[in-house]
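Shown next, in structure tokens, is the structure this report addresses.
The values are calculated or read from the model by the stated rules, or taken from the named source; none is laboratory data. Everything numeric here is computed off the predicted structure, so don't read it as measured data. No Cβ is skipped: glycine too gets one built from the backbone with ideal geometry, and neighbour counts run over all protein chains shown.
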Ligand code: KIV
């Protein structure tokens, strides 16, 4: 079906802002492939993020740092081939937006080849020139403050950020600078709930929290985390809505048993002449 003929009403930047203005919480999940993209498309989720967390979740890295622009284009395209209604943002990976030229060149790949509707950059005031350049070129930008995983080494690990007053003041100033530079929404990761709430109140754009408390305008979780793929991953902010680790594991045990006992394939799975 052509996009024009489709009845699907895609969620836009304006629709996301309208949700904040109306006090309607915004739901966002990560997604990295078409198989899950089809399920997300059929769900009521508002926004999809092709996160560079795909480095950990899909590619077996232990951080997001090894993720390349080609990885992001590849996975973003897989998602945007099937996701039509939710808004699709994608991460600019480590060191792909160090300068304005880098940011423009690499964001163009994500939007043109990957089909992303927006790009997400980690960082505060220092990356405002890159954000302004992207916005001036018609690319919607999502900001990301608090725990910024691309800076894991500088932050000395994955831990709650902005616990002290000075850091809280700085985070709020960064949030306002990002808003002034033109980001249309802001991810807040692993900060105290009270700070998440006060940043959300201070900004006119929506905030999307992950471990940033109930006062944010929306919430995001990594899809595989909320589905319970990794038994050992239990951060305080995560709520698991399914136990796919067990469901998939049990299915594989059953398939293996049927193959070994020659119970599969049965007649109904076999072709006649
Ligand atoms: O990469 C990612 O998945 C993210 C979310 C956790 C917000 O940045």
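Among the residues of the stretch 47-59 satisfying the criterion of being in contact (Cβ under 8 Å) with a residue 60 or more places away in the chain and in a loop (DSSP other than H, G, I, E, B), which is farthest from residue 225 (Cα to Cα)?
Pass one, the stretch 47-59, residues in contact (Cβ under 8 Å) with a residue 60 or more places away in the chain: 47, 49-53, 57.
With the extra rule that they be in a loop (DSSP other than H, G, I, E, B), the set shrinks to 51-53.
Details: 51: 13, 52: 14, 53: 11 Å.
Among residues in the stretch 47-59 that are in contact (Cβ under 8 Å) with a residue 60 or more places away in the chain and in a loop (DSSP other than H, G, I, E, B), the one farthest from residue 225 (Cα to Cα) is 52.
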Determine whether the stretch 193-202 contains at least one residue that is in the same structural domain as residue 147 (by TED's automatic domain parsing) and outside any helix (DSSP H, G or I).
no
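So if I check each of 196, 123, 211, 143, which one is under 17 Å from the mean Cα position of the chain (by Cα), within 16 Å of the ligand (Cβ to nearest atom) and farther than 24 Å from residue 106 by Cβ?
Numbers: 196 fails: under 17 Å from the mean Cα position of the chain (by Cα); 123 fails: farther than 24 Å from residue 106 by Cβ; 143 fails: farther than 24 Å from residue 106 by Cβ.
None of the others qualify; the one that does is 211.
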Looking at (1) under 17 Å from residue 220 (Cα atoms); (2) without any contact (Cβ under 8 Å) to a residue 40 or more places away in the chain; (3) within 14 Å of the ligand (Cβ to nearest atom), which is the only condition residue 67 fails?
(1)
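May I ask you to verify whether residue 98 is within 22 Å of residue 188 (Cα to Cα), away from the ligand (no atom under 15 Å from the Cβ), surrounded by 18 or more Cβ atoms within 10 Å (Cβ to Cβ) and at pLDDT 95 or above? Steps first, please.
Details: within 22 Å of residue 188 (Cα to Cα): yes; away from the ligand (no atom under 15 Å from the Cβ): yes; surrounded by 18 or more Cβ atoms within 10 Å (Cβ to Cβ): no; at pLDDT 95 or above: yes.
Here the answer is no, as residue 98 does not meet what is asked.
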Based on what the data block shows, is residue 44 in the same structural domain as residue 216 (by TED's automatic domain parsing), under 20 Å from residue 144 (Cβ atoms) and part of a loop (DSSP other than H, G, I, E, B)?
no
Could you tell me which numbered condition residue 222 fails, if it satisfies all but one of (1) within 24 Å of the chain's Cα centre (by Cα); (2) not assigned by TED's automatic domain parsing to the domain that holds residue 144?
(2)
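Taking the residues in the stretch 146-172 that are under 25 Å from residue 107 (Cβ atoms) and more than 15 Å from the ligand (Cβ to nearest atom) as candidates, determine which candidate is surrounded by the fewest Cβ atoms within 10 Å (Cβ to Cβ). If you could, list the steps in order and put the result at the bottom.
Step one: of the stretch 146-172, the residues under 25 Å from residue 107 (Cβ atoms) are 146-155, 171.
Checking which are more than 15 Å from the ligand (Cβ to nearest atom) leaves us with 153-154, 171.
On the way: 153: 9, 154: 7, 171: 21.
In this case the residue turns out to be 154.
For the stretch 215-240, give me the residue count where each residue is more than 15 Å from the ligand (Cβ to nearest atom) and touching a helix residue (DSSP H, G or I) at 6+ places or on another chain (Cβ under 6 Å). Break it down into steps so the answer makes sense when it comes.
Taking the stretch 215-240 as the starting set, the residues that turn out to be more than 15 Å from the ligand (Cβ to nearest atom) are 215, 228, 231-232, 234, 240.
Right, trim to touching a helix residue (DSSP H, G or I) at 6+ places or on another chain (Cβ under 6 Å) and you get 215, 228, 231.
Selection size over the stretch 215-240: 3.
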Which of the following residues is closer than 24 Å to residue 202 by Cβ, touching a strand residue (DSSP E or B) at 6+ places or on another chain (Cβ under 9 Å) and touching a residue at least 60 places away in the same chain (Cβ under 8 Å): 162, 118?
118
